[in-house]
1. Calculate what fraction, in whole %, of the accessible area of the stretch 31-184 sits on carbon and sulfur atoms when a 1.4 Å probe is rolled over the protein chains.
2. For the chain, take the longest principal axis of its alpha carbons; what is the angle in degrees between that and the long axis of helix 70-79, to the nearest 10 within 0 to 90?
3. Nearest 10 degrees, 0 to 90: what angle lies between the long axis of helix 96-114 and the longest principal axis of the chain (Cα atoms)?
4. Roughly what percent of Cα-Cα pairs across the stretch 70-121 reach past 15 Å?
5. Averaged per residue, what accessible area in Å² does the chain show with a 1.4 Å probe, protein chains only?
6. At 20 °C and 1.002 mPa s, what whole-number value in µm²/s does Stokes-Einstein give for the translational diffusion of the stretch 1-93, with Rh from the Kirkwood sum over Cα pairs?
7. Taking θ as phi - 60°, what are the ³J(HN,Hα) couplings along the stretch 44-51 by the Karplus curve (6.51, -1.76, 1.60), each to the nearest whole Hz, with x for Gly and Pro?
8. State, as an integer percentage, the relative contact order of the stretch 115-180 based on alpha-carbon contacts under 8 Å between residues 6 or more apart.
Amino acid sequence: MHLAIALQFEFDPALQCYVERPRRIALSPRQDIDISFWTRSKQGEERYYLAIPASGTIGSTSGTVSIRDREALDAAADRHGLQLAYITEREQVSSIGDCAVRFELLHHVWAYKRLVSRTIIRSQIMALLANCPRLTLSTLIHHLDFDADSVRAVVAGMVHEGDLRLVDYVAGSAQATVEMCHAH
């Protein structure tokens, strides 16, 4: 569950940074809990998140989920001067496809950060997309005079930074369609 959340934060272009298990808080005089994540947005807003496993929730017949011991968790956060946001396992399970895509892109993002020609490839991708709102990855690879791995790395880097998005992509698919993100 923490890996899925970390990947969600890693690919959130609004975040400057995130840290897993940044601190502990006292739930009671005899019990401490780890805060799951801390984030800082690019605007400087800081947030704390607590991952709630399925065993920490109570389902209902209407399909809604309540967090077990929510009042105790909120009170502990208040005592420590924190405001907690809660992420349930159910939420993560419902976005497992997005998690698989992010996991697949991650090694390309690492390659992107080491790629010397990334700025040139990036500007050529943007020029191609200025003329056509959506293109397949194979079309980009065909039109650019760079090796396929470099183009894939730059596309992944641009998705990571929030400049491109994958359209209806499923992890493991042989073909991807990309488009420019117009709102940041």
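1. Ligands and nucleic acids excluded, carbon and sulfur give 52 percent.
2. Once rounded, one gets 90 degrees.
3. Around 60 degrees separate the two axes.
4. The proportion of pairs with Cα distances above 15 Å equals 68 percent.
5. In whole numbers, the chain has 59 Å² accessible per residue.
6. Answer, rounded: 153 µm²/s.
7. Per residue, the Karplus-derived 3J(HN,Hα) values read x, 6, 10, 9, 10, 10, 10, 7 Hz.
8. Normalised by residue count, the contact order of the stretch 115-180 is 38 percent.
The values are calculated or read from the model by the stated rules, or taken from the named source; none is laboratory data. Keep in mind that this is a model prediction, so the values were computed, not measured. Glycine gets a Cβ as well: all are built from the backbone with ideal geometry, and neighbour counts include every protein chain shown. For the accessible areas, the whole protein counts, side chains as well, though only heavy atoms, and no ligand, DNA or RNA atoms are used. Shrake-Rupley method; radii C 1.70, N 1.55, O 1.52, S 1.80 Å.
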